[in-house]
Amino acid sequence: MWVAVDAMSGDHGPECIVEGAVAASNDWGCKVVLVGREEDLVEILLKYNFDSDNIKVVHASEIIDMNDSPSVAVRALEDSSIVQAVKLVASKECVGIFSPGNTGATMAAALLHMGRIRKVMRPPIAAPIPRESGAPMVLLDAGANVDCKPEYLVQFALMGDIYAQEVLGIKEPRVGLLSNGEEDKKGNSVTLKAFEKLKKIKQIRFIGNVEGRDLYGSGRLVDVVVCDGFIGNIVLKATEGLSKSIFNVLRDNIRESNLAQTGALLLKPTFTAVKKRLDYAEYGGALLLGVEGTCMIGHGSSNAQAVKNAVRVITECAKHEMNGKIEHIMNEVRV
């Protein structure tokens, strides 16, 4: 099960991507195809010891920049690392792709070359968000579809349920619809119609509407939260910003207090544990569900740990035949 990795994108350059790929190979036996400028990647690989049967390089001469127009770049830059990595999945040479690059370009390339699973109306982005308990909650759509029909939200719930089971190991995921109140009649016209459809579906454990406070474990317990991509992306970015702010405030207050001299070393293990629990790198990235093959979109600042875990998750998706299960539920449930 080869995993294609776009090695030229992201904020930190190919060095940390190669480091993560080598770690995935050495620690878990994963097979990785590094896609990018061959000369650069081969030179970086010389720094590491690894099984040469598990890592290979495919040359791609071009790079899609974060500021490039996705639809234009995917067609104009055919030899970019994103497009060539996606084509490896489309041709079945790899089971999935990871890219920390231009999100729109990765999505556009996946839809153009990999295509959708049969009967999937709109592929959503499924983002794992850490909670108090340590186990993540799945938020979808996290930004792929800003305008949604009720039927889209129903399919998001079905795909999110499978993701939570197969990747996160949750046996009976609790699925909620994000709204401005728990009451059945709260929400806009789209969520109200989606609510009526979701409560009739027996294949998932639908618990009704959930509110923003439920996302992180302080309210109702929910494992999969469904919303349109406009709201989902705002929630995701607000969550990232708030978590950084909390850590910065705590750090600054500790520095200004007596703890800076007397207790900082004692607190360090606690802060390390908390940071690990809340670190996006533990999950690799966000999956674009509903496309043929596995497509994981990484954060632009993805480090080696994120790359390593992304390769692992993509491999697990293939082993669990997640796409086959998505296709099955799409055929079984009429929305």
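Within region 122-137, being in contact with a helix residue (DSSP H, G or I) (Cβ under 8 Å, 6 or more places away or on another chain) and at pLDDT below 95 holds for 127, 128, 129, 130, 134, 136. Here the condition is being closer than 22 Å to residue 226 by Cα, in a strand (DSSP E or B), of a type in the set (A, V, I, L, M) and touching a residue at least 12 places away in the same chain (Cβ under 8 Å); of 127, 142, it holds for 127 alone. Please indicate, with yes or no, whether at least one residue in region 188-197 is over 27 Å from residue 323 (Cβ atoms), surrounded by fewer than 16 Cβ atoms within 10 Å (Cβ to Cβ) and not charged (D, E, K, R). Yes, region 188-197 contains at least one residue that is over 27 Å from residue 323 (Cβ atoms), surrounded by fewer than 16 Cβ atoms within 10 Å (Cβ to Cβ) and not charged (D, E, K, R). For region 147-169, the set of residues classified as assigned to a loop (DSSP other than H, G, I, E, B), buried (at least 16 other Cβ atoms within 10 Å of the Cβ) and within 17 Å of the chain's Cα centre (by Cα) consists of 167, 168, listed by residue number. Checked against (1) out of contact with any strand residue (DSSP E or B) (no Cβ under 6 Å at 6 or more places or on another chain); (2) closer than 24 Å to residue 149 by Cβ; (3) not acidic (Asp, Glu), residue 110 passes all but condition (1). Among 76, 90, which is under 29 Å from residue 142 (Cα atoms) and free of Cβ contacts under 8 Å to residues at least 60 places away in the same chain? The conditions single out 76. Within region 183-242, work out how many residues are without any contact (Cβ under 8 Å) to a residue 60 or more places away in the chain, part of a loop (DSSP other than H, G, I, E, B) and of a type in the set (A, V, I, L, M, F, W, C). Count: 2. Within region 302-322, the only residue that satisfies the criterion of being under 13 Å from the mean Cα position of the chain (by Cα) and basic (Lys, Arg) is 312.
Would you say residue 137 is closer than 10 Å to residue 289 by Cβ and in contact (Cβ under 8 Å) with a residue 12 or more places away in the chain? No; evaluated as a whole, the condition is false for this residue. Of the residues that make up region 58-65, is at least one under 18 Å from residue 315 (Cβ atoms), modelled with pLDDT of 95 or more and touching a Ser or Thr at 6+ places or on another chain (Cβ under 7 Å)? So far as region 58-65 goes, no, none of its residues is under 18 Å from residue 315 (Cβ atoms), modelled with pLDDT of 95 or more and touching a Ser or Thr at 6+ places or on another chain (Cβ under 7 Å). Only one of the numbered conditions (1) within 11 Å of residue 224 (Cβ to Cβ); (2) over 24 Å from the mean Cα position of the chain (by Cα) is not met by residue 184, and that is (1).
The values are calculated or read from the model by the stated rules, or taken from the named source; none is laboratory data. Computed from a predicted model, the values in this text were never measured in an experiment. With ideal geometry, Cβ positions are generated from the backbone for all residues, glycine too; neighbour counts draw on all protein chains shown.
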